[in-house]
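The values are calculated or read from the model by the stated rules, or taken from the named source; none is laboratory data. Fair warning: this is a prediction, and the values are worked out from it, not measured in the lab. Neighbour counts run over all protein chains shown; Cβ positions are idealised from the backbone, glycine included.
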């Protein structure tokens with residue numbers, strides 16, 4: 001079987017405070033291009049689609065379990081999202097100088113691809129890891 005999959009459409013990340021996460025992604029240059037409420041097991045949750053260029057990150061806050069009488073979703077998570085960048089050293093310095101929680105001391109080289117790649121991670125407000133990666 002072969003499906004016509006063109007690209008990643010978006011990555012969904014559960015968050016505990018939608019406004020805090022929206023502000024975080026805005027500080028990375030993302031724009032909220034859609035917000036909505038949704039119903040889940042009798043409770044009301046909220047979602048925002050954050051976009052920068054062709055990259056879309058869906059952040060969503062599930063209904064409060066004590067208010068909706070439901071169990072929170074625990075069926076998986078995303079380990080990290082990797083953003084392609086053209087200048088890893090510039091991205092590293094810019095985010096470090098802006099006060100983001102950078103997890104590596106410096107961009108890390110891996111012998112992937114033809115000439116290798118360099119990457120580093122920052123931590124988001126709910127502990128999600130955002131990787132910045134440059135294929136060399």
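Against the definition (outside the structural domain of residue 135 (by TED's automatic domain parsing), surrounded by 11 or more Cβ atoms within 10 Å (Cβ to Cβ) and either farther than 19 Å from residue 26 by Cα or modelled with pLDDT of 85 or more (or both)), how does residue 88 come out, yes or no?
Judged against the criteria, residue 88 is not a match.
I need the full set of residues from the stretch 15-50 which are within 27 Å of residue 96 (Cβ to Cβ), outside any loop (DSSP other than H, G, I, E, B) and touching a residue at least 12 places away in the same chain (Cβ under 8 Å), in order please.
Of everything in the stretch 15-50, those that are within 27 Å of residue 96 (Cβ to Cβ), outside any loop (DSSP other than H, G, I, E, B) and touching a residue at least 12 places away in the same chain (Cβ under 8 Å) turn out to be 18, 20, 21, 22, 24, 25, 26, 27, 31, 32, 48, 50.
Conditions tested, residue by residue: (1) surrounded by 14 or more Cβ atoms within 10 Å (Cβ to Cβ); (2) closer than 19 Å to residue 78 by Cα.
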site: 7; (1), (2): no, yes
site: 13; (1), (2): yes, yes
site: 23; (1), (2): no, no
site: 27; (1), (2): no, no
site: 31; (1), (2): no, no
site: 35; (1), (2): no, no
site: 43; (1), (2): yes, no
site: 47; (1), (2): yes, yes
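Out of the residues in the stretch 58-84 meeting the condition of being over 18 Å from residue 128 (Cα atoms) and part of a loop (DSSP other than H, G, I, E, B), tell me which one is modelled with the lowest pLDDT.
70
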